[in-house]
Structures are given as structure tokens and as C-alpha cells.
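K.L.:
One structure, pasted below without further comment.
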Amino acid sequence: MSDSILIIGGGIAGINAALNAADYGCHVYLMDDTPSIGGMMARLDKTFPTNDCSICIEAPKMYEVDNHPNIEILTNTELRKVKKTDQGFNVKLVQKARFIDPEKCTGCGACIEACPVSIPDEMDGKIGGTRKLVYLPFPQAIPNIVAIDPDCRYGNMREQGACVGGCVVDCSQCRECPIALCVKACIEEGKDAVRLWQSNKNLKLNVRAIIVAAGLMSYEPEPGMFGYGDCQNVITNLEFERLMNAGGPTNGEIIRPSDQRHVKRIAWVQCVGRGNKEGLLPYCSKVCCMIAAKQMIISKEHDPSVETLIFYNNLKAYGKDFWAFHQKAKSLGVRYINTRPWDVFEDPETRNLKIPYVNPETGQYVEEEVDLVVLSTGLIPSDRNPRLAKSLAIEQDHLGFFKEQDPLLAPLESGVDGVYFCGGSLGPLDISESVAQAAAASMKAVLRMKDGS
Amino acid sequence: MNDEAIRVGVFVCNCGSNIAGVVNVPEVTEYAGTLPDVALADEGRWSCSSDYIEKMKELIHEHALNRVVIASCTPRTHEPLFKRAVREAGLNPYLLEFVSIREQVSWVHMNQPEIATQKAKDLIKMGVAKARLLEEGEEIRLPVHTECLVLGGGMAGMTTALHVADQGFHVIIVEREARLGGLLNRISGIRTDQRPYDPQELVKAKADAVDAHPCISVYTHTQLQAVEGYIGNFKVTLLANGDEQTVNVSTVIVATGMRERAPIGIYEEIDDPRVITQLALEERLLQQDLGEVQDVVFINCVGSRNASRGCCNIGCGIAVKNALAVKTLNPEATVTVLHRDLSLVKEEKKDLKAAMDQEIRFLRFSEDRYPVITRADGGLEVSTRDIILDRDFEIHPDLIVLTTGFEGDKSVEQTKGLLKLSANQDGFFQEAHVKLGPLDFASDGIHLCGCARSPKSLRETLDEATGAAMRASIPMKKGYVEAEGIVADIDLTDCKRCGLCAKMCPYNAIELDDEKAPQVIKALCKGCGLCAADCPTESITIVHYSDPQIFAQIEAALEENPEQKIVAFVCHWCALGGVDMAGVSRLQYPANARLIRVMCSARVSIKMIQHAFELGAAGVLVAGCEFPTCHYIEGNYAAEKRLKRTRKRLAKAGYDPDRLWNVWCSAADGPKFARTMRDMVKNLELDRESF
């Protein structure tokens, strides 16, 4: 449809942009390159500064998107080519095979149970999360349809015990699969939704405007940075978030990776990855101080006897009610230590972690011993950005975020007329800022429809 | 339809082996067929498949069904699908009742097929009992026209107005001052990561665009005097130079901005022209006149980041920017910034580097030891201790600039009263939801943007202003607002005109007329049921969740073996999400509970709970969203309060109040719901096997 908007990215920014534009009356394609919409927010435990349960407030929006007559969801889909026209854009997309007939799959999970191979989950692997080769990304996934790992389909998981891949018969010629257990399980359920012979699908759209809501990624600490990678009990703040989550790999038990023991002392190290050297982040990610405050408060809610301490630099509490939230963490007994620790060392016997630092008040060298260290890593540009920049002919800034035409005279507008930004595309921000930007970007996009619709 | 005989169709899904693997579906279907008024019971292999949906529609016609019960997965994901099917079959979609026998039965009682089958039968019996009493509902529309009132003519107000007006909608900007531009009129300079800007040029360009726009009317020197009505129908009285004027608008955007605060608590008593605030400095910078000033000290976080006030959000950036501006104007001057944490964002880091290059000194003081200002021999002295160098400093400045933070505009008290909004202690308006509804108020048709919400940079203000324009434009473009048919309905026969319902409604959806009789503005009602549950004369009902319907469910649930059963009232949004999560995760728990879905835990009245105990229920559970989340703002808080009263009432009536439980459960927390079930069964000493 030519009076349509394409939204790239199905996180909370893309979801909000889509709902606004669709409620306004526009037809919206909401595209995401993963098997479900929901983005980062769907995986978070709580949101600061209110400690609302993240999926509780996001899932209703996801269902709304799913049921909206004006929104078409395109998951597992990537942008290929974009051509500017007088009226807007000709867009070529490729919808990667999920090897499932979306019309037939009901997300019942029979295939998942039948699948013999578990592999580390993309998000929770480091803290013990696993998924099958056929999987639902998370329980509230939209669409509620499983996906099959392409590595399985193409025979790369044989050594791990996968059933598929050894067959020499072309799947499209043989519909009675005696090998693939997922196929069998699905047929037994009376569905026959598994389509191992499914191939990638090319899609062509004409749209009037494009909103880039490609989101942010969490910075991955270099191996050895504060013990990360070397010590099992050093994890990132995103991994800790999953640990707290009742829907996460530990059912919300805050236990440490080395021995699955409940932790009693946890230390947070802020600004991990900050710095001016190559490969480090020369900017403040704004939200990590509040994420840490939230994680400390929740840890204390899980177990009031847990000791929490935090090594911080400049405490950022920039948003509405953020300071009060920080005060709440303090009142619960969180120890704020204003310094950067030297390093993190592991006790080889106990797997506990020792953190040497100079006490900022006394100038003396001290050491803290804790069960678990959480590294508050910053937010970085999505690794999708370079490809999107190329396809859309839009600019990135020196950090890898997208560049606006002018932050005050043409905010959220790219150099290409009709391409707008919102959410993490432009830099680190919190959910409420994403939501506000999403509304703004959708406003700009629908104004382009004015004459045509 | 009222005279027509009730003909209920029950469609029992076996979900492949997902339900049928545990529950004896043929037996359940046969049982359903024996229930009163059931004209048809059919087993569906995959009820949600398009084949079966078609079959369902045919069966509805063939058997002249006028009520439908679907027993399958969960309403949270599949109700819209079946509602559509029912509508396509020519029935009113509110004549559908959804029973969950997968998430609530087969997935959570996998090892107890007989008990699971019995529970499925009970749930279907409850569903049929309610379905027999279902009435048609309708989506309610309220017309919305295209006039929008913008309060405040600063950058936020002008930006939002321009976006609304660009759609051809008519906008009225109300500005108290003589000219547009607001706070930015008094600012000397502004920069982003790309370049510096002249604020006066920004204001002028925007104001010119506003003036030239054919769809915008600007009322300067004007204030809000009175407001009546609601979305689509606001009658607003404006006061300009003593003259009153009334306008009718459909939507309102609040963009009243903020003002700088005077020093509070600290430096409050200093009355010296050489000790000024950032805004006073801005005005001198604007005039490019600092005089002979040679030594300037900035003190940050004055009255901020303490027990009573938060971070002002933008003060650090302002201090660095203005320190640089002082240095530019008086290059020989010594400039020192005394700060606590330096809270700077991306672009402001560049300013910090430039400031350091220009030898502006940054000294960090401790939050419990603010710099001391003294005046001796006509001069100023500032003494402070830098906590990084661990050294004392004494400075003798000829100008001290205090970064004092902000508070809402002085009109906030009046505006919030007139529009029935709330604001925090600093005078910043309270949005509908801090994360997902930042530009909305709880009341439809009123929106918020810019510094009226909280202090923020111009950049963020522009995003919010543009976004608020979108939020306000959606109903204006559609021409209506629509509410689901689940709404409150008031019968005035017994109403005592106490006004409690109007007072409690979180959405201002109940109005009192001149005789104090409450009227529901149905398009604004979200159907939470808070008013119905608390109405002292039981004059309010909720369509689709009426008292008789819920009582019928309670009675059906407790018809057999009530002494082993728990009646669980579960809110649709989070608690049912937790129930579903327990199901998806296959968490096994005892099967004693019979769930009754309500939209909000606030719908559950004392009478409902007491009725369950009167019928011999072993226990009652009220499950709502985990605090502070609530889909209806604070329904769970109201429910919690009411539960306290309920326990007292139960004790008086001779029931053990400890048999009434509650759980506040997030949609992610399946384990919590399963645990509650186990705990209840254990505590109430119920039999897990023999009913």
C-alpha cells in the first residue's frame, strides 16, 4: 500500500510508533529481524523508577499490535534495498525462513518438547539459559509461532545430536519425514506446520515513510575486563536482569553461575567500558545508574539480608523521580562507594570475588569480597546500523548512532526526506524517552500522508 | 433478543494433545451438553485454526446459538480471535465467554487427569452459568472534533501547536505573557552536539511560523478561567484583560513549562546583588554585560539532590555552558565551578572539555558539606573542600552564580484543579504512566509535554511536543474516541447521590449533574469496576462483569464439594498473566482453585467474597497486579484497602478472615501464583486428591 509506513524495529519504540500511526488510520508494516516483536523491554524484569514489571506493561501493547487491523507484523525480516520515489519508497525485504507455516502453527510447543537438542540461549546462555533448536523466543512472543534454528535445518547441528540434516532427500519432494522429530510431533498433533523446505521470501513494499527504531545493544565487556569471561561469577547488568526475572532461566532465583548458590553479597561496578581509548565508550549511557539502583532494590526485595555495594563515578539521576529512587536504594542500605575499583580477582577455592580499591574517604587501600559482581555496561549502537545506513542512504555519527539532520531545527529527521528516527537509534535513552520519541516520529511520518491519504 | 430462549453453544478445544493429553475432552464435551440451556457442545481439534473457526460459525447458525462458550487456551491471547469469529457469525461479540482449560488445567495438573477433567467441567459449568446471563454490549463512540487548546506558548506549546495545525486542525494557544517564547526568551545560548544556536532566533523562527499559520489563533495576556466537559466536548472560559471568552475544544495539550526556583534551605538568606541565579546570569549574558567581573564562582545543586528534592536534570549542563559563556565575554576572568556529581549527556561533554581547555576550574564538594559563602569587608568569600584533591579552597569572587533547579509554572495549581489533573510537590504534572504514557494524562483528550512534566533540555522538549501533538491528533483524525463495551452502568433508583463513584473514578468518567446524580460518560469509562464494587447502594453494574454474572460463576463453582474449593478472583492483566505463565512453564500446583476472571481486582466486592464463604468455600483468593503496576492506575491499591475491610466484615459475620487470601502477581511470575496455590491448599488443609 502506498499510504503505508514501514517501521524498522519491533521494540518498545517501534511498537509505540506503530500503534500511534495505526490508530491515526495509517497502514503500518512493523518489521523486526528476530522471530518476535518486543525488543529489549520484553526481557527486562522491572522498569525504574516505579519497578513496574516490564512484560506486564509491554505485553498488552504487543497484543494490541497483533490484533490491530492496520498493522502487519513482519518478523524474521531484514531490509534489503530501498529506492526513493516521488511518493515515498520502494522497499525490498527478505523474510528469512522460520521453517514453519505461520497459518498452521499455534505455538503449542509439542515440537519443542520433541526436539532433542538444547543449546545456550542467545540472551541467557551465560547464566545457564537454554533453548531447543525449535523454539519460542520467550513465552509472550508475538507472533506466537515457533521458529527453527537455521543451523539445524542446514545440518550444522548434527554433531550436537540434531535429527535433521543427514537426509539426502529434498524435503520438498518428501513430505513424510521419518527423521525430523519436530515434523513428527507436529503431525501427531494434527497440525503439520513444520516446513523444512521453506525458503527465504522476498517482499516488496511501497511506503510513504520509514521510521528507524533499530534500538540499542548492551556493550559486551572485553575478556578480562573486571574479571569478565575469566571469572564465572562476574556477569553484566543485562545478565543479572535475566537472573532476577521470574520468567528467566533461574525462575527469578538470584543464584550465581559457578555453583547455583543464592548470593549474599553483590557488588555493582559502574561505567564498565567507559573511556576514551579505542574500543571503549566515550559517552555516558545515562540509564546504568538507575538500572543498578533498581537491581539493588529488587535484590533486597528478593532477600532482605543480601548485602549490596556499588562502585560509581558520577551518579546520574536525570529523570523524573529518579533521585527519589536512588534515595530509596540508599535507605535500604545499599553502600555507594564513589570510586573505580582496580580490578576483580577470583578466589580459586570459593569462586568468590575480591575487589581492591582505594577508599575515597580515607585514601587507604581496601578489598571487598563478594559472591557476585555485576558489571554495569553501557548501551551501544545496534550492529544493524551500518547496513541500515547503507540501504537507506542515511548518515551515522562518529559513535555509530544515526545522525539527525539538525537536532533542534529538524529533530528525528534523517538527511533523507521521509526517513525518521526514534528510540535507541539516536543514542542511549530510557523507555519513557523512547515512547515520547516514537509518538513524535509517528507524527512526522503521518504528516507525509496528509495529501495522499 | 430478551424474549428469545437462551441457546448456549460450548466449544471445547482439545488443542491436539495439549488439552486432550490430560483432560478427557470427550467426557467434558458430553458433560457440557447436559448443562442448562446448552443447545450444542462440540469438540474442536484446534479451535483457533481457520477451518474450525469456519465450522464454528456454521454451527452457530445451524443451531441458532445466541451465547457462546469457548473452552481452550487463554483469553489474554485468543479472545480477540474468537470475538471476531462470533461477530462474523452475526452475534454480538459480548455474548462470548472464554474458559481457560489449557493454562489453568491441562498444563498445570498434568499428572492428575481425573482431577483435571473435573476441574475443566467445573470451569465450563461456571462459564455456561455466566454465559446464560450475558447481554449484548457495544463499543461506545464519542464524537471528537478538530479544535485543540494548547496551554502555554513556549517552545513546547508552539511546537505542538504547529504539528497539530499542519493537519488542518484548529489550534488555540493560550499564553499568559505578552509574547510567545516562554523561558527561552531569557536564555543566552544553547548548543547541541552539532552546533551552537541563538535561542532568540529559534524563538523568532517558531513564533513567526505560528503567527503565519492559518489554523493557529494566539491569545496572549490570557489565562484559563474555567473548564467544563471532557474529550470532544470541552467548554473553556478564557480570561484576557478582564474579559471572559468561551471556546469549545475537543482536546487540550498542557505545555505550561517551568520556572527557576529561588534558593531554598541554603544560601536563602543571602541578599546581595553579587549572588545571583543562573537565570539572572542568562539575562546579563544576553545583554552581553557582565561589567568588570573578574572572578566568578558557580555553585551547583543548590536545594537539589537532597532528601526533599531530586536532581534538576539540566543544571550541570547549564553551569558548564554558562561558565564558558562568562569566559568568552570576560576572557581574563577566573571561573570556578563547584559541583557534586557532574551529570552531563553526550553533547555536553564537549563543553566540559572546552571549559577545561579554557582553564575553568572544577572542584567537587561533598553532599554533606556545601561551600560556605561569607561576606567580609564588603567582599565575598567562598570556602569549600574539594573531595578529589582532598584540599580546602578559599575563593574571593565578585560574582556567585547559584544553580537552583526548577519548579512547575505558577499556574499549575489552578490548571490542575480546572482540568482535574495531579502534580507532584514541585509542581510538575503527573503523567498517565511514567514509562508508557509520558505524554498522556489519565483522562482522555488531555496531553502533556515539555518542562511542565519535568525539567528537560530543549531537544527533549521538542520530541515531547511533537509526540503530544500526535497523541492529541489521533482522536481528532478519527473523529471519535471509542470505549470497549465493558463499562459501568448506573441505576439511579436507589442511588443516594453520595458522589463516591465520581470521586473514586480514576478516569473522571463519572460526572455529577446539578442534582448530584452520577452519570457515566461511557466513552471514557475503562470498565475497571472500582465504582461498582464500592457503591454503598449497589446501584452500579459493569457490563460483562455484572454482579449476577459473577455470582452465577461463584455458585456454579461451589455447587459440589465447596469445602475443598478455593474461589480465585483474578485480574485480567497481570495476575492472569502470572497464571498463564505458570501454565506455559508447566508449573504443577494443586487443582483446588476455580478462577473467576475480572478486569481489575478492584471489581471484587465484599459481597462477592462473603457470598463464596456463605456457600461454604474453603478459601477465597483475590489476585491482582503486583504493585505499583495496575492497568487501571491504582485499582489494586483500592482492592487492597477493601480487602482489609472485607476481613473485618467476615470476622463479624462469623467467617475466618484468614481464609481470605490475596496475591499481587506480575505477568512474569508464574512461580508466585503456583506457590500461592500450594501455600493456600496447605494452610487451609485441603485435600489435593479427592474431589
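K.L.:
Rounded to whole Hz and in sequence order, give me ³J(HN,Hα) for the range A:362-374 from the Karplus expression 6.51 cos²θ - 1.76 cosθ + 1.60, θ = phi - 60°, writing x for Gly and Pro.
P.N.:
9, x, 8, 6, 9, 9, 10, 10, 9, 8, 8, 10, 10
K.L.:
Sort the range A:56-140 into rounded, prolate or oblate with this rule: let a ≥ b ≥ c be the square roots of the eigenvalues of the Cα gyration tensor; rounded if a/c is under 1.5, and if a/c is not under 1.5, prolate when a/b is larger than b/c, oblate otherwise.
P.N.:
Numbers: a/c = 2.04, a/b = 1.72, b/c = 1.19.
The shape class here is prolate.
K.L.:
Over all Cα pairs of the protein assembly as shown, how is the pair count split among 10 Å bins, expressed in % and running from 0 up to the last occupied bin?
P.N.:
2, 9, 17, 22, 22, 16, 8, 3, 1, 0, 0
K.L.:
While we're here: Got a sec? Charge dipole of the range B:417-518, +1 on Cβ for Lys and Arg, -1 for Asp and Glu; which of B:SER443, B:SER454, B:ILE474 is way out at the positive end?
P.N.:
Value computed over the given set: B:SER454.
K.L.:
Could you give the distance between the Cα centres of the range A:187-247 and the range B:234-307, to the whole Å?
P.N.:
46
K.L.:
Would you work out if chain B is rounded, prolate or oblate? Take a ≥ b ≥ c from the square roots of the eigenvalues of the alpha-carbon gyration tensor; rounded if a/c is under 1.5, else prolate when a/b is larger than b/c, oblate otherwise. Before the final figure, lay out each step's value.
P.N.:
Numbers: a/c = 2.62, a/b = 1.99, b/c = 1.31.
Cα axes put chain B in the prolate bin.
K.L.:
Still on this structure, please answer the following. According to the Cα gyration tensor, what semi-axes, each the square root of 5 times an eigenvalue, does the equivalent ellipsoid of the range B:554-605 have, listed from largest to smallest in whole Å? Walk me through the numbers before you get to the answer.
P.N.:
Numbers: eigenvalues 78, 58, 8 Å².
Whole-Å semi-axes of the equivalent ellipsoid: 20, 17, 6.
K.L.:
5 Å is the cut-off here: which amide hydrogens, built 1.01 Å from N in the peptide plane, fall below it relative to B:ILE596, excluding neighbours closer than 5 in sequence?
P.N.:
Amide H to amide H, under 5 Å and 5 or more residues apart or across chains, B:ILE596 pairs with B:ALA568, B:PHE569, B:VAL570.
K.L.:
Taking each residue in A:45-52, count the Cβ atoms of any other chain within 10 Å of its Cβ, then average. What number comes out? Let's see the in-between values first.
P.N.:
Working: counts 3, 4, 4, 2, 3, 6, 5, 12.
Partner-chain Cβ atoms within 10 Å, mean over residues of A:45-52: 5.
K.L.:
Continuing with this model, one more query. Short version: ³J(HN,Hα) in whole Hz for each residue of the range B:425-441, in order, from phi by Karplus 6.51 cos²θ - 1.76 cosθ + 1.60 (θ = phi - 60°), x for Gly and Pro, what are they?
P.N.:
Each residue of the range B:425-441 in turn: 5, 8, x, 9, 5, 8, 6, 4, 8, 5, 9, 9, x, x, 9, 10, 9 Hz.
K.L.:
Around A:ALA214, under 12 Å between beta carbons, what's the net of Lys plus Arg minus Asp minus Glu among the other residues?
P.N.:
Around A:ALA214, the surrounding residues sum to -2.
K.L.:
Taking 41 Å as R0, compute the FRET efficiency from the Cβ-Cβ separation of B:GLU563 and B:LEU500 and round it to 0.05. Intermediate values should be presented prior to the final figure.
P.N.:
Numbers: r = 36 Å, r/R0 = 0.88.
Efficiency for this residue pair is about 0.70.
K.L.:
Could I ask something else about it? Charges on Cβ only, +1 for Lys and Arg, -1 for Asp and Glu, centred on the Cα centroid of chain B; of B:ALA639, B:LEU35, B:CYS312, which one is farthest towards the dipole's positive end?
P.N.:
In chain B, that residue is B:LEU35.
K.L.:
Using the C-alpha gyration tensor of the range B:645-691, what are the square roots of 5 times its eigenvalues, in whole angstrom, with the largest one first?
P.N.:
Semi-axes from the Cα gyration tensor: 23, 17, 6 Å.
K.L.:
What FRET efficiency do you get for B:ILE270 and B:GLU511 if R0 is 60 Å and r is their Cβ-Cβ distance, rounded to the nearest 0.05? Could you put the intermediate results ahead of the total?
P.N.:
Numbers: r = 51 Å, r/R0 = 0.84.
It comes out at approximately 0.75.
K.L.:
Separate question: So if I place +1 on the C-beta of Lys and Arg and -1 on the C-beta of Asp and Glu, and nothing else carries charge, what would the dipole magnitude of the range A:231-308 be about its Cα centre? I want it in debye, nearest 20.
P.N.:
Details: 10 positive and 8 negative charges, 42 e Å.
In total the dipole reaches around 200 debye.
K.L.:
A follow-up question, please. Between A:ALA410 and A:LYS83, what length in nm is gained on full extension when 0.36 nm per residue of separation is reduced by their alpha carbon distance? Walk me through the intermediate numbers first.
P.N.:
Details: separation 327, 0.36 × 327 = 117.72 nm, distance 2.25 nm.
Value of the extension gain: 115.5 nm.
K.L.:
Still on this structure, please answer the following. How many percent of DSSP beta bridges within chain A run antiparallel, rounded to 5? Display every interim value, and only then the final one.
P.N.:
On the way: 38 of 72 bridges.
Here the share of antiparallel DSSP bridges comes out near 55 percent.
K.L.:
Further, regarding this structure: Kindly provide the GluC sites (Glu not before Pro) of the range A:255-364 that DSSP labels as loop, not H, G, I, E or B, and whose Cβ sees at most 16 other Cβ atoms within 10 Å. Intermediate results must be reported in sequence, preceding the final value.
P.N.:
Numbers: sites: A:GLU278, A:GLU301, A:GLU307, A:GLU346, A:GLU349, A:GLU361; in loops: A:GLU278, A:GLU349, A:GLU361.
Hits after loop and neighbour filter: A:GLU278, A:GLU349, A:GLU361.
K.L.:
Shifting gears a bit: Among B:VAL543, B:VAL254, A:GLY190, flag the residue with its Cα farthest along the positive direction of the charge dipole of the protein assembly as shown, charges on Cβ as +1 for Lys/Arg and -1 for Asp/Glu.
P.N.:
Looking along the dipole axis, the top candidate is A:GLY190.
K.L.:
Quick check: the distance between the Cα centres of the range A:140-156 and the range A:414-433, to the nearest angstrom?
P.N.:
Each part's Cα centre sits 30 Å from the other's.
K.L.:
Sticking with this one: What size of dipole, in debye to the nearest 20, comes out for the range B:547-691 about its Cα centre when the only charges are +1 on Lys and Arg C-beta atoms and -1 on Asp and Glu C-beta atoms? Intermediate values should be presented prior to the final figure.
P.N.:
Values: 20 positive and 17 negative charges, 101 e Å.
The dipole of the range B:547-691 has a size of about 480 debye.
K.L.:
Also, quick follow-up: Say a paramagnetic label sat at a point 7 Å from the Cα of B:ALA262, along Cα to Cβ; which residues of the range B:379-407 have their backbone N under 17 Å from it?
P.N.:
Answer for this model: B:402-407.
K.L.:
Which FRET efficiency, nearest 0.05, do B:GLU381 and B:ARG361 yield, Cβ-Cβ r, R0 25 Å?
P.N.:
Working: r = 16 Å, r/R0 = 0.65.
The computed FRET efficiency comes out at 0.95.
K.L.:
Further question: Computed over the Cα atoms, what is the radius of gyration of the range A:357-414 divided by 2.2 N^0.38 Å, N being its residue count?
P.N.:
On the way: Rg = 20.7 Å, N = 58, 2.2 N^0.38 = 10.3 Å.
Against the compact-globule rule of thumb, the ratio is 2.01.
K.L.:
Just to confirm the number: angle between the C-alpha axis of helix B:458-478 and the first principal axis of chain B, 0 to 90 degrees, nearest 10?
P.N.:
40
K.L.:
Check which residues have an amide H placed less than 5 Å from A:HIS27's amide H, if you skip close sequence neighbours.
P.N.:
A:ILE5
K.L.:
How are the C-alpha pair distances of the range B:1-71 spread across 5 Å bins, as whole percents from the shortest bin up?
P.N.:
4, 17, 27, 24, 16, 8, 3, 1, 0
K.L.:
What do you get when you divide the Cα radius of gyration of chain A by 2.2 N^0.38 Å, with N the number of residues? Present the calculation step by step, with values, prior to reporting the outcome.
P.N.:
Working: Rg = 23.5 Å, N = 453, 2.2 N^0.38 = 22.5 Å.
Ratio of Cα Rg to 2.2 N^0.38 Å: 1.04.
K.L.:
For the range A:219-378, take the alpha-carbon Rg, divide it by the Kirkwood Rh, and send me Rg/Rh. Don't jump to the answer; show the numbers that get you there.
P.N.:
Numbers: Rg = 14.9 Å, Rh = 15.9 Å.
Expressed as Rg/Rh, it is 0.94.
K.L.:
Ordered by residue, what ³J(HN,Hα) values in Hz, to whole numbers, does the range A:126-133 give under the Karplus form 6.51 cos²θ - 1.76 cosθ + 1.60, where θ = phi - 60° and Gly and Pro are x?
P.N.:
Values, residue by residue: 6, 10, x, x, 10, 9, 7, 6 Hz.
K.L.:
Another one. Report the label-to-label distance for B:GLU201 and A:ASN202 in nanometres (one decimal), using points 7 Å from each Cα along the Cα→Cβ vector.
P.N.:
Going by the 7 Å Cα→Cβ label model, 4.8 nm.
K.L.:
Can you give the Rg and Dmax of the range B:336-464 based on its C-alpha atoms, in angstrom?
P.N.:
20.1, 61
K.L.:
Sorted from fewest to most neighbouring beta carbons within 10 Å, what does the list B:HIS221, B:HIS631 look like?
P.N.:
B:HIS221, B:HIS631
K.L.:
Can you pull out the trypsin sites (Lys or Arg not before Pro) in the range A:345-453 that DSSP calls coil and that have at most 16 other Cβ atoms within 10 Å?
P.N.:
On the way: sites: A:ARG351, A:LYS354, A:ARG384, A:ARG387, A:LYS390, A:LYS403, A:LYS444, A:ARG448, A:LYS450; in loops: A:ARG351, A:ARG384, A:LYS403, A:ARG448, A:LYS450.
The qualifying sites are A:LYS450.
K.L.:
Cα axis of helix A:54-67 to longest principal axis of chain A: angle in degrees, 0 to 90, nearest 10?
P.N.:
Its long axis makes an angle of about 10 degrees.
K.L.:
Take the Cα atoms of the range B:487-528, build their convex hull, and give its volume per residue in Å³. Write out the running numbers ahead of the final one.
P.N.:
Numbers: hull volume 2.7 nm³, N = 42.
With only Cα atoms used, the range B:487-528 gives 65 Å³ per residue.
K.L.:
When Cβ neighbours within 10 Å are restricted to other protein chains, what is their mean count per residue of peptide A:19-25? Please report the intermediate quantities before stating the final value.
P.N.:
Numbers: counts 1, 5, 2, 1, 7, 8, 4.
Neighbouring Cβ atoms belonging to other protein chains average 4 per residue here.
K.L.:
Percent relative contact order of the range B:487-528, based on C-alpha pairs within less than 8 angstrom and at least six residues apart?
P.N.:
On the way: 53 pairs, mean separation 18.8, N = 42.
Relative contact order comes out at 45 percent.
K.L.:
Which far-off residues, 5 or more places away or on another chain, put their amide H under 5 Å from the one on B:VAL69, with H placed in the peptide plane?
P.N.:
Sorted by chain and number, the residues that satisfy this are B:GLY9, B:VAL10, B:PHE11, B:GLU97.
K.L.:
Out of the DSSP beta bridges found with both residues in the protein assembly as shown, what percent are antiparallel (nearest 5)?
P.N.:
Working: 81 of 180 bridges.
Close to 45 percent.
K.L.:
Of all trypsin sites (Lys or Arg not before Pro) in the range A:271-306, which ones are in loop regions per DSSP and have a Cβ with at most 10 other Cβ atoms within 10 Å? Provide the component values of the computation, followed by the final result.
P.N.:
Working: sites: A:ARG274, A:LYS277, A:LYS286, A:LYS294, A:LYS300; in loops: A:LYS277, A:LYS286.
When the trypsin sites (Lys or Arg not before Pro) of the range A:271-306 are filtered for loop state and at most 10 Cβ neighbours within 10 Å, A:LYS277 remain.
K.L.:
Measuring from centroid to centroid over Cα atoms, what is the spacing of the range B:629-691 and the range A:29-91 in Å?
P.N.:
The two parts, judged by their Cα centres, are 35 Å apart.
K.L.:
Which log10 I(q)/I(0) values does the range B:545-685 give at q = 0.20, 0.21 Å⁻¹ under the Debye formula, counting every alpha carbon as one identical point scatterer?
P.N.:
Here log10 of I(q) over I(0) equals -1.23, -1.35.
K.L.:
Shielding by partners for B:305-314, please: the mean number of other protein chain Cβ atoms within 10 Å of each residue's Cβ.
P.N.:
Working: counts 5, 2, 4, 2, 2, 12, 10, 2, 7, 1.
So the per-residue partner count for this stretch is 5.
K.L.:
Quick one: putting +1 on the C-beta of Lys and Arg, -1 on the C-beta of Asp and Glu, what dipole do you get for the range A:219-378 around its Cα centre, in Debye to the nearest 20?
P.N.:
On the way: 18 positive and 21 negative charges, 152 e Å.
Approximately 720 debye in magnitude.
K.L.:
Can you give the extra length, in nm with one decimal, that the chain gains between B:GLU394 and B:LYS55 once fully stretched, where that is 0.36 nm per residue apart less the Cα-Cα distance? It would help to have the intermediate numbers written out before the result.
P.N.:
On the way: separation 339, 0.36 × 339 = 122.04 nm, distance 8.72 nm.
Between B:GLU394 and B:LYS55, full extension yields 113.3 nm more.
K.L.:
Can you flag which of A:LYS277/A:LYS354; A:LYS92/A:LYS403; B:LYS456/B:LYS477; A:LYS126/A:LYS330; A:LYS294/B:LYS435; A:LYS46/B:LYS672 are past 18 Å Cα-Cα? Mind dumping the intermediate values first?
P.N.:
Values: A:LYS277/A:LYS354 26 Å; A:LYS92/A:LYS403 23 Å; B:LYS456/B:LYS477 29 Å; A:LYS126/A:LYS330 30 Å; A:LYS294/B:LYS435 14 Å; A:LYS46/B:LYS672 16 Å.
Violating the 18 Å Cα-Cα cut-off are A:LYS277/A:LYS354; A:LYS92/A:LYS403; B:LYS456/B:LYS477; A:LYS126/A:LYS330.
K.L.:
Give, as ranges by residue number, the residues of the range B:374-389 whose backbone N falls under 16 Å from the point 7 Å along Cα→Cβ of B:GLU292.
P.N.:
B:378-380
K.L.:
According to the square roots a ≥ b ≥ c of the eigenvalues of the Cα gyration tensor, what is the shape class of the range B:305-409, taking rounded for a/c under 1.5, prolate for a/b larger than b/c otherwise, and oblate for the remainder?
P.N.:
rounded
Computed from the coordinates by the stated procedures, all read-outs in this text should not be read as laboratory data. Bear in mind that the values here come from a model prediction, so they are computed numbers and not experimental data. Cβ atoms come from the backbone with ideal geometry, glycine included; neighbour counts cover every protein chain shown.
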